[in-house]
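All remarks here apply to the structure that follows.
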Amino acid sequence: MLSISSGHSADYLIGAVAGGRENYYTGAVAAGEPPGRWYGRGAEALGLKGLVDEQDMTALYEHFVDPRDEAFKDPARWAEASTLGHTGRRYLSEEELYKQALDAEPNADAERREELRLEAGKRARKNVSFLDATFSVQKSVTVLHTAFEAQQVRAEREASEAEQVALDAALAGDTDTAAEWQRRHDEALTAARSWASHRKAVEDAIWAGNRAALDYLADKAGYSRVGHHGGAAGRFIDAHDWIVASFFQHDSRDHDPQLHIHNAILNRVQGADGQWRTLDSRAMHKFRGAASAVGSAPPRSTWHALWECGSPPARTARPAKSSESRSRSWTCSAPVDAPSPSAPPS
């Protein structure tokens, strides 16, 4: 599914990368969500490649500083740097509106002051810095990824425990026990890597679907408006080279497993005439459903491929109980590489 909303600040996306991430269901603990990735022909033209740097995103999404300007890397010089078109209107901030309200009601009590602050927050207007096109996969894909991650974490812990037992046995001079637990460690580590490759296959498929959806949307809805559209002088101009910062996130705001990618599409795009303008968001909403269908194909096909493959080796910290389970091996001939479709699935 693809949803589109207006974005005013990149702090939420940047903060998710800096904050910690702990999955209650899988036991996985990470330093934070993975860093964002630059995407789009517009980003590439400006030299924005690879992972998103926090300062670079602030310069671009908060101040619209041109990355090609030598002042781009120096926050102290952002005010004098060239920009990608206009930087937006100057609106009164929430604090300024609140101060005006207090000046008008100097005798307001604490309760009234709280009301005035809430009203100021509602009245405050902000420029649209970006359009947030959020690509979310089906719940079944998230469940599959969560299961793979849980098994990976379990196998990694068993490998760590087996390694410690092997080390203790070796220090005690019990070479047979040390060799046995080292073997269990190696098998558990192999299983962990297999589960990790499955988890990564799901993530790669989601990225492929996300790119397919963005490419379709940029191609079909990449336009900017020129002139005054209230009369007869307005017209649309091609503007397909988008600048996108994509952020992969594992959880919802309620910290439930929900794999999705926030695509912060900069609300500045260079038109066919070379001028920088804002995007026409109405076209994006018009083609949102079709773009969602295009993006859903890679995750769905990968889900089926992984389901047909079965599963990697089970955890091996304990000896197998039968010759059947000891001889069982895991093979997968079905392709799990994520495809990159360019048209909606039939």
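Each reported figure results from applying straightforward, stated rules to the coordinates on display, with no laboratory input. Source: prediction; values computed, not measured. Glycine gets a Cβ as well: all are built from the backbone with ideal geometry, and neighbour counts include every protein chain shown.
Here are the numbers for the structure shown:
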item: Kirkwood hydrodynamic radius (C-alpha pairs) into Stokes-Einstein, region 97-137, 10 °C and 1.306 mPa s, D in µm²/s; result: 127
item: Low-density loop cleavage sites - trypsin sites (Lys or Arg not before Pro) in region 38-93, where at most 10 other Cβ are within 10 Å (DSSP); result: Lys49, Arg89, Arg90
item: Qualifying aspartates and glutamates (Cα of each under 18 Å from Cα of Lys126; at least 8 residues distant if same chain); result: Asp11, Glu62, Glu94, Glu95, Glu96, Asp280
item: Extreme residue, positive dipole direction of region 193-272, given options His198, Ala272, Tyr216 (C-beta unit charges); result: Ala272
item: Relative packing of 215-221, 101-107, which averages over residues the other C-beta atoms within 10 Å, highest first; result: 215-221, 101-107
item: Flagged links, alpha-carbon separation over 32 Å, of Lys49/Lys220; Lys73/Lys99; Lys49/Lys99; result: Lys73/Lys99; Lys49/Lys99
